[in-house]
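Student: Could you have a look at this structure, given as structure tokens, before my questions?
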Number of protein chains: 2
Amino acid sequence: MQETRKTPCYAVIFTSTQTDTQQGYTEMAARMQELAQQQPGFIRMESVRSPEGKGITISYWQDLPSIRGWKENPEHQEAQRLGKQKWYRDFTIEIAKIESVSHFPQD
Amino acid sequence: MQETRKTPCYAVIFTSTQTDTQQGYTEMAARMQELAQQQPGFIRMESVRSPEGKGITISYWQDLPSIRGWKENPEHQEAQRLGKQKWYRDFTIEIAKIESVSHFPQD
């Protein structure tokens, strides 16, 4: 496999476990995805959740200031507050610099 | 939230879509998890798969040589070959340097 993306970028890795209270979650998650896409520096987002309520969402950004801008977005901050209060038992947020990328099948 | 892990580390982000042929996959995935844990430099692994067959697995490593060692492990190489032949429609592998980590609830 060859490395195919030459531009460096950053990822926010959000690993979470849901609570039993998921009222309003689906709508908020959809809204956050829509909002992130409008944010400067957004590249793309991948999200997977298991039936047991464990999830990994990775959003990709052009640089660290873009990630800071997203974190500080007022509507996103309200979602973060609700997430801690209602939807997430626990979560981890990691900021990572993507150093290489390879695909199968190759591009 | 406070940043809680001070030691830099690296992650391998494996994002995949399964084929309809999953014979032998579960056993191999369990074996690879066991094998990775025995590999020098291994820290931990997170894995989530949706009912639709989309998955994200993130393994964390102390440094880049540890990741190279895991990639070149002969039994892992055979699993990679079988994965391309049978189990994965497509996948992406990203190597990332973890720059900061925060948890909720805080440690």
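Read the figures in this text as sums done on the coordinates, not as results from a lab. The model shown is predicted, which means the values in this text are computed figures rather than measured ones. With ideal geometry, Cβ positions are generated from the backbone for all residues, glycine too; neighbour counts draw on all protein chains shown.
Student: Only one of (1) within 23 Å of A:Cys9 (Cβ to Cβ); (2) in contact with a His (Cβ under 9 Å, 6 or more places away or on another chain) fails for B:Ile56. Which number is that?
Tutor: B:Ile56 satisfies every listed condition except (2).
Student: If you check A:Glu94, A:Glu52, A:Glu75, A:Glu99, which single one turns out to be within 14 Å of the chain's Cα centre (by Cα) and at negative phi?
Tutor: Exactly one residue qualifies, and that residue is A:Glu94.
Student: Regarding B:Ser59, is this residue in contact (Cβ under 8 Å) with a residue 24 or more places away in the chain and either in contact with a helix residue (DSSP H, G or I) (Cβ under 9 Å, 6 or more places away or on another chain) or of a type in the set (Val, Ile, Thr) (or both)?
Tutor: For B:Ser59, the condition - in contact (Cβ under 8 Å) with a residue 24 or more places away in the chain and either in contact with a helix residue (DSSP H, G or I) (Cβ under 9 Å, 6 or more places away or on another chain) or of a type in the set (Val, Ile, Thr) (or both) - is met.
Student: Can you tell me how many residues in the range A:62-105 are under 29 Å from B:Gly83 (Cα atoms), charged (D, E, K, R) and surrounded by fewer than 20 Cβ atoms within 10 Å (Cβ to Cβ)?
Tutor: Selection size over the range A:62-105: 2.
Student: Quick one: would you say B:Thr19 is touching a strand residue (DSSP E or B) at 6+ places or on another chain (Cβ under 6 Å), closer than 28 Å to A:Tyr10 by Cα and of a type in the set (S, T, N, Q)?
Tutor: No.
Rundown of residues vs (1) free of Cβ contacts under 8 Å to residues at least 12 places away in the same chain; (2) touching a Leu at 6+ places or on another chain (Cβ under 7 Å), yes/no style:
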{"position": "A:Thr15", "(1), (2)": "no, no"}
{"position": "A:Leu35", "(1), (2)": "no, no"}
{"position": "A:Gln39", "(1), (2)": "no, no"}
{"position": "A:Glu46", "(1), (2)": "no, no"}
{"position": "A:Pro51", "(1), (2)": "yes, no"}
{"position": "A:His76", "(1), (2)": "no, yes"}
{"position": "A:Ala79", "(1), (2)": "no, no"}
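Student: Right, something else. Of these, B:Ser50, B:Ser16, B:Ser59, which one is touching a Phe, Trp or Tyr at 6+ places or on another chain (Cβ under 8 Å), farther than 23 Å from B:His103 by Cβ and surrounded by 14 or more Cβ atoms within 10 Å (Cβ to Cβ)?
Tutor: When all the criteria are applied, what remains is B:Ser16.
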